[in-house]
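Colleague: Take a look at this one; I'll ask things after.
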Amino acid sequence: MNTNRAKGVAISVVTLMLMAQPAAAGPVINIMGRVATVCRVSLAGGSPQVAENGERDLGRLTELCNNVDGYRLVLLHPAGLEDAAVMVDGERIEISSDSTRTVIVDSNHADYRDRNLTLLVADNTLAVPINIEAQPKGMIF
């Protein structure tokens, strides 16, 4: 090994040791925490009025879920609703007529957002009892 190369290696080793000194000399603090899973949905500002085409403005849907794997919003409704749907921010989602549950939001990440929600039912359908539940997809703490 020539002299210049040996000097270069020695300087590199000394530089690495000097760079490591401050980190090793001071205290090290590791912070770790666990946050409770929060997954909720609320609906506000709807109107009891039914439009001629069967539209019912359910209001503003506010969803909050901090689950890293995402969440689903599930519409709970009576079975047998024919030709019924919901509009979530303008996107039409058909309501399953042979079930009492329809997924209206399926997110693969944590989120907080507001959306407009409208129920579309046949003109002769009177009151339709519905509920919405938020379901986290991943581990729950």
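Colleague: Of the numbered conditions (1) part of a loop (DSSP other than H, G, I, E, B); (2) at pLDDT below 95; (3) surrounded by fewer than 18 Cβ atoms within 10 Å (Cβ to Cβ); (4) not hydroxyl-bearing (Ser, Thr, Tyr), Leu81 fails exactly one; give the number of that condition.
Modeller: With respect to (1) part of a loop (DSSP other than H, G, I, E, B); (2) at pLDDT below 95; (3) surrounded by fewer than 18 Cβ atoms within 10 Å (Cβ to Cβ); (4) not hydroxyl-bearing (Ser, Thr, Tyr), Leu81 is out only on (3).
Colleague: Does region 63-73 hold any residues that are surrounded by 15 or more Cβ atoms within 10 Å (Cβ to Cβ) and either touching a Ser or Thr at 6+ places or on another chain (Cβ under 7 Å) or part of a loop (DSSP other than H, G, I, E, B) (or both), and which are they?
Modeller: Within region 63-73, Asn66, Asn67, Gly70, Tyr71 meet the criteria.
The values are calculated or read from the model by the stated rules, or taken from the named source; none is laboratory data. These numbers come from a predicted model, not from an experiment. With ideal geometry, Cβ positions are generated from the backbone for all residues, glycine too; neighbour counts draw on all protein chains shown.
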